[in-house]
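So the structure is just underneath, and the comments pick up after that.
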Amino acid sequence: MFIPSEPPTVSVVICCYTLERWDRLLDVIDSVRAQTLVPQEVIVVVDHNEDLYERLRSILDDVTLVRSMGPVGLSGARNTGVEIASSDILAFLDDDAEASPQWLERLLAFYDDPDVLGVGGRVEPVWEYGRPSHFGEELDWIVGCSHRGLPKVASEVRNVIGANMSFRLEVLRQVGGFNLALGRQGSKPLGCEETEICIRSRIGAPGSRIVYEPAALVRHHVPAHRGTLRYMLSRSWSEGISKAQVSQVVGHKRALGPERRYVKSVLPRAVLAGLIDWGTGNNPRGLGRAGSVIAVLAFTSAGYLRGRRLAHVSTTQLSRTAHQGSPWREVQ
């Protein structure tokens, strides 16, 4: 891989889709303007919302504002950024995740190593009305944030978090961008597109690395409704389905390695801590935390099994079609 003699250039891609996050989106853009390392450009991609596009166009004159050229959904919007960017590195921010001033500087520090394909950072939740008592830090992945159990110092990881990630542009283009079958579509809480692209980018690149740098911090706004048990279980179910989709693409071992370790070590400790808090009277809400962990694990597992079943049915149907031959073949 070519090693540049000068520091790499970087573009920041911010994808947005709703006017409901207007004020937060402007705060995110301001946080990029305040970076200690100035990006070459800021690309704001509007995901099929003409009213939002026109309103942004009327006030933004220092960013590259574009409509998504892909299908509706986060993956399509991100791929639009990949297509039009010209910098060496692409950094992605959610439209409700403000970057700390040294965010870009911390991310780019690792690209001196040509084996580093992508770098992501810590995503800290900012709860609208405070963290719910039943929502332990072990479950913060549900709201797109870093959870307890992730490294506390810069470390090699399987994948980064979607709200705070960066990649070499050449890598994103070589692998064909983000998988359009994965990722959030409006309020539909699917995901794992960042997991899949991290895994796919390393296939065929022995010795390559994805790095998680907790010092590259963004703060992610979490609305109150995402702290409810209903949302937790809905998101868990969707996560299970998404993981099943990823495992079909990259294989079960690659797709589920960290999850197995998380289930075996992090979650049992979380349940035990909650039960101890409740049993000793230190925190009577510990029982709720323990119960939430068990419920989330059950729903995620059920979603995964459902996703595997759907994938099996789809594969069986394709196989039958192949055996029968195309219904559109020319009649001799």
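What the table shows:
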read-out: Mean separation of Cα contacts under 8 Å, 6 or more apart, over the residue count of the chain: relative contact order %; value: 18 percent
read-out: Carbon and sulfur %, accessible surface of the chain computed with the full protein complex present, 1.4 Å; value: 54 percent
read-out: Accessible area in the full protein assembly, largest first, 1.4 Å probe, for LEU90, LEU297; value: LEU297, LEU90
read-out: In Hz, Karplus ³J(HN,Hα) per residue of the range 29-43 (6.51, -1.76, 1.60; θ = phi - 60°; x = Gly, Pro); value: 4, 4, 5, 6, 4, 8, 5, 5, 10, 6, x, 5, 7, 10, 10
read-out: Percentage relative contact order, the range 47-168, counting C-alpha pairs under 8 Å, at least six apart; value: 28 percent
read-out: Highest average packing first - 230-237, 214-221, Cβ atoms within 10 Å; value: 214-221, 230-237
read-out: For the chain, radius of gyration divided by Kirkwood radius, i.e. Rg to Rh on alpha-carbons; value: 0.99
read-out: Cα-only Debye scattering, the range 1-157: base-10 log of I(q)/I(0) at q = 0.14, 0.19 Å⁻¹; value: -0.79, -1.31
read-out: Protection proxy ranking, peptides 192-200, 148-156, 107-115, average beta carbon neighbours within 10 Å, highest first; value: 192-200, 107-115, 148-156
read-out: FRET efficiency estimate (nearest 0.05) - Cβ-Cβ, SER86 to LEU26, R0 22 angstrom; value: 0.30
read-out: ALA216 long-range amide H proximity, modeled H, under 5 Å; value: ARG122
read-out: Per residue accessible area in Å² of the range 69-115, where ligands, DNA and RNA are left out and the probe is 1.4 Å; value: 35 Å²
read-out: Using θ = phi - 60° and Karplus 6.51 cos²θ - 1.76 cosθ + 1.60, couplings along the range 47-55 (whole Hz; Gly, Pro as x); value: 8, 6, 9, 5, 4, 5, 4, 5, 5
read-out: LEU65 long-range amide H proximity, modeled H, under 5 Å; value: VAL44
read-out: Förster radius 41 Å - calculated FRET efficiency between LEU305 and THR36 (Cβ-Cβ, nearest 0.05); value: 0.30
read-out: Point-to-point label distance, GLU156-ARG173, nm (Cα→Cβ direction, 7 Å offset); value: 2.7 nm
read-out: Whole-Hz ³J(HN,Hα) from phi, Karplus 6.51 cos²θ - 1.76 cosθ + 1.60, for the range 262-277, glycine and proline x; value: 4, 5, 7, 10, 6, 5, x, 5, 5, 5, 4, 4, x, 5, 5, 4
read-out: TYR17 long-range amide H proximity, modeled H, under 5 Å; value: ASP47
read-out: Sequence of ILE14, ILE203 from largest to smallest accessible area, 1.4 Å probe; value: ILE203, ILE14
read-out: Shape of the range 61-123, Cα gyration tensor, a/c cut at 1.5; value: prolate
read-out: Net lengthening on full extension, SER265/ALA205 (0.36 nm per residue, minus Cα-Cα); value: 18.6 nm
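The values are calculated or read from the model by the stated rules, or taken from the named source; none is laboratory data. Keep in mind that what you see is a predicted model, and the values were worked out from it rather than measured. In this analysis, Cβ positions are derived from the backbone assuming ideal geometry, glycine residues included, and neighbour counts consider all displayed protein chains. Areas reflect the complete protein model, heavy atoms only, side chains present, ligands, DNA and RNA absent. Shrake-Rupley method; radii C 1.70, N 1.55, O 1.52, S 1.80 Å.
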